[in-house]
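Everything below concerns the one structure shown next.
Since every read-out is calculated from the coordinates, none of them should be taken as a lab result. If you're wondering where the values come from, they're calculated on a predicted model, not measured in any experiment. All Cβ positions, even for glycine, are placed from backbone atoms using ideal geometry, and neighbour counts span all protein chains on display.
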């Protein structure tokens, strides 16, 4: 059986630690999830990928048992690369199932066109409702037009829609009409990547972080929907009670300079560390350094939050927002604490609670490490494979 995956951006595996590449070719949780699913399915079946390229050139490559077709980008709106070739070039390829990953337009519609023309089953993994792009008028306008027309065709045409959590289905603007064809399969994690042997002190030495301070960690793109500004405001309240604590923003993004200015205005610059872009290989060490991991997202753009799983894999208690699929991953008062989006006061109280109660924090971290075993990519690939076999 040959599976064809359609996605607007698919990671260049050899370039993931190249900072310029990561700036030019956006890839976040959705793209990483698509890559991990494809590489695990490639151990079972043949796999082809249909996606865009980082530039205007077409390319075709073999990587990890996957044949990857990249079609030249002709237009870029905000962070989205668009290629019209993805709409017709794959049509003559031979695959048995078309599987689209939806979080931005056109690759999903390409998969629908392929499935209709070649009469093969069509699967959509629906990662999230597309959100407004922070004031980018052109992208927001194009997205609204797409949602009202082509997206409905895509969802109507799908044989199976995979949602990444039960909670997100209830909150989505679009999924409620398709309950009869929805299956829930979460995103996953490669547990072995986070099984590092160094202890917390050694990890801090490696990253030049202080051994004698408590560390609250934010990891990911520093963008508005992930709520880094909410965390900074909460941290100010934490600092009034706890002097020996640092806040680490691991990553980069459009809000970084704004946060630096706010920290300077509030005279807490010395208590906040901005790492900039972090190589994939260093990611586990940052988690292992932390006493608390915090992802205070404020919109439904955060449909799942793979970083929560990554922190849990390292035995770190998590504080995150009560929205999207996050409550399916972070079990309140068991693996961490959940707060309402944009609730600065409760977020600060939750941070201080875990700083004060180390035994409870440690127990939550241990519980999270056990729970995350449910999310291994091999198990996720196996569940997805069962859907393919049912459709053929």
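All alpha carbon pair distances within the stretch 191-374 were sorted into 10 Å bins beginning at 0; the resulting P(r) in whole percents reads 10, 42, 40, 8, 0.
Placing dummy labels 7 Å off each Cα toward the beta-carbon, the span from residue 333 to residue 213 is 3.3 nm. Taking every DSSP beta bridge that has both ends in the stretch 191-374, the antiparallel portion is near 5%.
Put a dot 7 Å past the Cα of residue 244, heading toward its Cβ, do the same for residue 257, and the two dots end up 3.7 nm apart. To the nearest ten degrees, helix 344-356 and the longest principal axis of the Cα atoms of the chain are 60 degrees apart.
Hey, what angle do you get for helix 228-239 against the long axis of the chain, alpha-carbon based, 0 to 90 degrees rounded to 10? Helix 228-239 sits roughly 20 degrees off the main axis of the chain. Each of 299, 384 has some number of other Cβ atoms within 10 Å of its Cβ, and from fewest to most they run 299, 384.
Overall, the anisotropy analysis places the stretch 296-392 in the oblate class: the square-rooted eigenvalues a ≥ b ≥ c of its C-alpha gyration tensor yield a/c not less than 1.5, with a/b not exceeding b/c.
Nearest-5 percent of antiparallel DSSP beta bridges in the chain? Once the DSSP bridges in the chain are tallied, antiparallel ones form about 15 percent. At full extension, residue 359 and residue 392 could sit 6.8 nm farther apart than now, given 0.36 nm per residue minus the alpha carbon distance.
With the alpha-carbon atoms of the stretch 82-216 aligned to their principal axes, the span from lowest to highest coordinate is 61, 38, 33 Å, starting with the largest. Counting only alpha carbon atoms, the long axis of helix 377-391 and the longest principal axis of the chain meet at about 30°. Mean residue ellipticity, 222 nm, helices only, the chain: the sum of -39500 (n - 2.57) across DSSP H runs of n ≥ 4, divided by residue count and rounded to 500, is -11000 deg cm²/dmol. Scattering from the stretch 137-273 was approximated by placing one identical point on each alpha carbon and applying the Debye formula without solvent; log10 I(q)/I(0) at 0.12 1/Å stands at -0.78.
The structure-derived value of mean projected area of the Cα convex hull in nm² appears in the list (i) 22.2; (ii) 25.3; (iii) 18.1 under the label (iii). With a cut-off of 17 Å on the backbone N, the residues of the stretch 284-326 near the modelled label site 7 Å out from residue 266 along Cα-Cβ are 294-298. Computed extension gain for residue 179 through residue 61, at 0.36 nm per residue and net of the alpha carbon distance, reaches 38.7 nm. Each label point was placed 7 Å from the Cα along the Cα-to-Cβ direction; for residue 145 and residue 91 their separation is 2.1 nm.
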